[in-house]
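**Q** Okay, here's the structure, questions in a sec.
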Amino acid sequence: MRHRRLKRKLGVTSEHRKALLRNLVKSLVKRKRIRTTYAKAKEASAYADKLVTIAKRGDVHARRVLISKLGCSETAGLLIKNIAPLFKEKKGGYTRVLRVGVRPGDRASVAILEFTATFETVKKKVKKAKDTVKPKESVEKPETPKKSSKTKEAPGKQEEISKDKKETEKRGGFLGTLRKYLKGD
């Protein structure tokens with residue numbers, strides 16, 4: 001029986017659980033926000049808080065302890081240089097877990113794990129829209145498929161097809177629209 005046991009087993013072996021928490025915290029340090037199940041987020045939150053407390057010391061021993069716990073010197077460096085200075089005055093509560101809903105596939109409760117401090121985001125340079133469209137220097141003609149002797153299409157249909165292709169190239173089609181939406185243009 002698990003009387004008064006505080007940690008969750010997460011349905012995996014102890015080695016797997018250790019690796020899972022290590023990878024979740026690595027992702028949290030690199031991305032500042034991750035989306036996972038609620039139980040994993042709660043465990044990773046406690047683990048990350050302990051590592052931030054160690055990182056706040058910032059000495060060589062703290063760096064070596066973080067490397068041994070995370071298995072990655074790059075992540076330990078990020079934790080000491082970028083994240084720990086934001087929490088110098090705080091004594092705890094470095095992360096928060098926000099419930100998002102349920103996952104449609106297995107109805108698992110999903111949560112977002114993030115640091116409580118705000119981070120500066122690097123803004124991308126916005127390209128200026130050109131007022132006039134310059135004609136391309138070399139316009140390539142679309143290749144027309146070879147006609148077989150069995151099927152003969154009217155010449156008007158080929159022109160319509162080539163016009164449709166040019167229009168979709170200009171607009172970018174579905175994928176172009178999707179790219180613009182995801183980029184935020």
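Taken together, the values in this text are just the output of simple stated rules run on the coordinates, not laboratory data. What you are looking at is a predicted structure, and each value in this text was computed from that prediction instead of being measured. Here Cβ is always computed from backbone atoms with ideal geometry, including for glycine, and neighbour counts include all displayed protein chains.
**Q** Determine, for Val52, Val65, the number of other Cβ atoms within 10 Å of each Cβ, and report the residues in order from fewest to most.
**A** Listing Val52, Val65 from fewest to most nearby Cβ atoms yields Val65, Val52.
**Q** Follow-up question, since we're still on this one. If you take the square roots of the eigenvalues of the alpha-carbon gyration tensor of region 22-66 and sort them as a ≥ b ≥ c, do you get rounded (a/c under 1.5), prolate (a/b over b/c) or oblate?
**A** prolate
**Q** Place a point 7 Å from Cα of Arg57 in the direction of its Cβ. Which residues in region 67-83 have their backbone N less than 18 Å from it?
**A** Output list for this probe position: 67-73, 76-83.
**Q** Further question on the same structure: Run the simple label-point estimate for Arg107 and Lys180 please: 7 Å along Cα→C-beta, distance reported in nm.
**A** Each label point lies 7 Å from its Cα, and together they span 4.1 nm.
**Q** Same structure, new question: Quick one: length gained pulling Lys18 to Lys88 fully straight, 0.36 nm per residue minus the C-alpha distance?
**A** 22.5 nm
**Q** Right, here's the next one. Given H placed 1.01 Å from N in the peptide plane, which residues other than close sequence neighbours of Val100 have an amide H under 5 Å from its amide H?
**A** Counting only residues 5 or more places away or on other chains, the set is Val110, Ala111, Ile112.
**Q** Just want the ordering: Leu175, Leu20, Leu98, from fewest to most Cβ atoms lying within 10 Å of their own Cβ.
**A** Fewest-to-most ranking of Leu175, Leu20, Leu98: Leu175, Leu98, Leu20.
**Q** Show me 107-118, 2-13, 86-97, 37-48 ranked by packing, highest mean number of other Cβ atoms within 10 Å first.
**A** Listed from highest to lowest mean packing, they are 37-48, 107-118, 86-97, 2-13.
**Q** Could you give each residue of region 101-118 its phi-based ³J(HN,Hα) in whole Hz, using Karplus coefficients 6.51, -1.76, 1.60 with θ = phi - 60°, and x for Gly or Pro?
**A** x, 10, 7, x, x, 10, 6, 6, 6, 10, 9, 10, 10, 8, 6, 7, 6, 9
**Q** With a 10 Å Cβ neighbour count serving as the proxy for reagent exposure, in which order, fewest first, do Asp49, Asp59 appear?
**A** The most exposed by this proxy come first: Asp59, Asp49.
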